[in-house]
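The values are calculated or read from the model by the stated rules, or taken from the named source; none is laboratory data. A quick note: this is a predicted structure, and the numbers were derived from the prediction, not measured. Cβ placement follows ideal geometry from the backbone for every residue including glycine, while neighbour counts extend to all protein chains displayed. Ligands, DNA and RNA are excluded from the accessible area calculation, which covers all protein heavy atoms including side chains. Shrake-Rupley method; radii C 1.70, N 1.55, O 1.52, S 1.80 Å.
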Amino acid sequence: MTSRPLLLVTGGSRGIGAAVCRKAAAQGYDLLVNYRSDKAAAEAVAAECQKSGAAADVVQADTATEEGIAAIFAAVDRRGRLDALVNNAGVVDVTARVEEFDRARLDRMFAVNVIGKIRCATEAVKRMSTKHGGQGGVIVNISSMAAVLGSSGQYVDYAAAKAAIDTFTVGLSREVASEGIRVNAVRPGIIDTDIHASGGLPNRARDLAPMVPMQRPGTADEVADSVLYLLSPQASYVTGAILNVSGGR
Ligand code: NAP
């Protein structure tokens, strides 16, 4: 078995997740790169990680389904260890007011952004907790400033899902703090990734820049740096923390 710690990143094929994978590989982690639909993108991220010396595999799985969770953790178990989880996979929907929401939208929003993340954390805790014979570990949940700001007129359902992740982070951190597991979250602000196009607003990051105190969107790399800090031994006494990475927004 390699001595490099194994990091699982959900939604690692693009955006913030891909940036976390690349930086983690450069800092000495092995990687398991989960993706849902874009195999070529995930394999390209894994190839970059390998160039940094990491053992990096991809695993196709929808974190919103039990089949997906089973596939991810079967891949983890083939690797024989799990040291860290970045619970990153997340979606927005098209901009809409609450009267326009239907049940299918809410089911998907909460299945991916809340239940999928809690299921990944559950399976990670089973493998990491000293209570279950594990060696401990670290979990970083990717929340959003939407959890605080509410995203009125855009996607209050997404904001509510992210607020659930904030509360889950605090509660879980206390539940497993004495079992060798640290649990923290990062709240990105407006970050320049493809997620805005999937919400129907490809220019959102640039358009909203004047509303950001720092007058610009953030980059996926800037979010990844904060995630790598929370994963690292430099954050050994940090648990239950929620770090805003939002340019002051
Ligand atoms: P992105 O560029 O749209 O990338 C999303 C990633 O998640 C892709 O790798 C995608 O895989 C994967 N994914 C989506 N649904 C999935 C599922 N059900 N199962 C497995 N993988 C799934 O998004 P991003 O901007 O990097 O966002 C990453 C995280 O940061 C999300 O949790 C998001 O809510 C949060 N965030 C982003 C911003 C921002 O401004 N960008 C701000 C605050 C918070 P495929 O491409 O293979 O489908």
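Have a look at 40, 70, 196 and report the one farthest towards the positive end of the charge dipole of region 6-245, computed about the Cα centre with Cβ charges (Lys/Arg +1, Asp/Glu -1).
70
If one puts a single equal scatterer on every Cα of region 6-245 and applies the Debye formula without solvent, what log₁₀ I(q)/I(0) results at q = 0.14, 0.16 Å⁻¹?
Once normalised to I(0) and log-transformed, intensities are -0.86, -1.15.
Which is farthest toward the positive dipole end of the chain among 128, 142, 223, measuring Cα position about the Cα centre, with Cβ charges +1 (Lys, Arg) and -1 (Asp, Glu)?
128
Tell me the angle of helix 116-128 to the major Cα principal axis of the chain, expressed in degrees between 0 and 90 and rounded to the nearest ten.
20 degrees
Can you check what the net charge comes to around residue 132, using other residues whose Cβ is under 10 Å from the Cβ of residue 132 (Lys, Arg +1; Asp, Glu -1)?
Details: positive: 126, 127, 131; negative: 179.
Charge balance in the 10 Å sphere: +2.
Under 14 Å Cα-Cα from residue 126, which aspartates and glutamates qualify once same-chain neighbours fewer than 8 residues away are excluded?
Once the sequence-local aspartates and glutamates are set aside, what remains near residue 126 is 77, 83, 175, 179.
Assuming 0.36 nm per residue, please report the length gained on full extension of the stretch residue 38 to residue 77 beyond their Cα-Cα distance.
Values: separation 39, 0.36 × 39 = 14.04 nm, distance 2.32 nm.
Gain on extension, residue 38 to residue 77, equals 11.7 nm.
Tell me the mean residue ellipticity at 222 nm calculated for the chain from its helices only (DSSP H runs of n ≥ 4, each -39500 (n - 2.57), averaged over every residue, nearest 500). Let's see the in-between values first.
On the way: 10 runs with 105 residues, N = 249.
Dividing the helical sum by the residues of the chain leaves -12500 deg cm²/dmol.
Under a Cβ-only charge scheme (Lys and Arg +1, Asp and Glu -1), can you give me the dipole magnitude of region 116-249 about the Cα centre, in debye to the nearest 20? Intermediate values should be presented prior to the final figure.
Values: 13 positive and 11 negative charges, 56 e Å.
The dipole of region 116-249 has a size of about 280 debye.
Put +1 on the Cβ of each Lys and Arg and -1 on the Cβ of each Asp and Glu in the chain; which of 104, 159, 232 then has its Cα farthest toward the positive end of the dipole?
Working it through, the farthest residue towards the positive pole turns out to be 232.
How far, in degrees from 0 to 90, does helix 15-26 lean away from the longest principal axis of the Cα atoms of the chain, to the nearest 10?
Once rounded, the angle reads 30 degrees.
How high is the relative contact order of region 6-245, in percent, counting Cα pairs under 8 Å that sit 6 or more residues apart?
Dividing the mean separation by the residue count of region 6-245 yields 19 percent.
In degrees between 0 and 90, to the nearest 10, how far off the longest principal axis of the chain does helix 156-176 point, with axes built from Cα atoms?
30 degrees
What is the distance in Å between the Cα centroid of region 55-81 and that of region 121-160?
So the two Cα centres are separated by 17 Å.
Add +1 for every Lys or Arg and -1 for every Asp or Glu among the other residues with Cβ under 12 Å from the Cβ of residue 215, and state the total.
Numbers: positive: 206, 216, 249; negative: none.
Residues near residue 215 contribute +3 overall.
Leaving out ligands and nucleic acids, and using a 1.4 Å probe, what accessible area per residue does the chain come to in Å²? Don't jump to the answer; show the numbers that get you there.
On the way: 10990 Å² over 249 residues.
Ligands and nucleic acids excluded, the figure is 44 Å² per residue.
Could you give the dipole magnitude of the chain about its Cα centre, charging the beta-carbon of Lys and Arg +1 and that of Asp and Glu -1, in debye to the nearest 20? Numbers along the way, then the final one.
Working: 27 positive and 26 negative charges, 89 e Å.
In total the dipole reaches around 420 debye.
Using the alpha carbons of region 121-183, what is the convex hull volume per residue in cubic angstrom, as a whole number? Numbers along the way, then the final one.
Details: hull volume 4.0 nm³, N = 63.
Per-residue hull volume (Cα only) is 64 Å³.
Work out, step by step, the length gained on full extension between residue 234 and residue 70: first 0.36 nm times the residue separation, then minus their alpha carbon distance; give nm to one decimal.
Numbers: separation 164, 0.36 × 164 = 59.04 nm, distance 3.20 nm.
Net length gain for the segment: 55.8 nm.
Which of the lysines could a cross-linker bridge to residue 23, judged by Cα under 24 Å and excluding same-chain residues fewer than eight apart?
39, 51, 117
For region 160-249, what does the relative contact order come out to in percent, with C-alpha contacts under 8 Å and a separation of six or more? Present the calculation step by step, with values, prior to reporting the outcome.
Values: 119 pairs, mean separation 35.6, N = 90.
The normalised contact order for region 160-249 reaches 40 percent.
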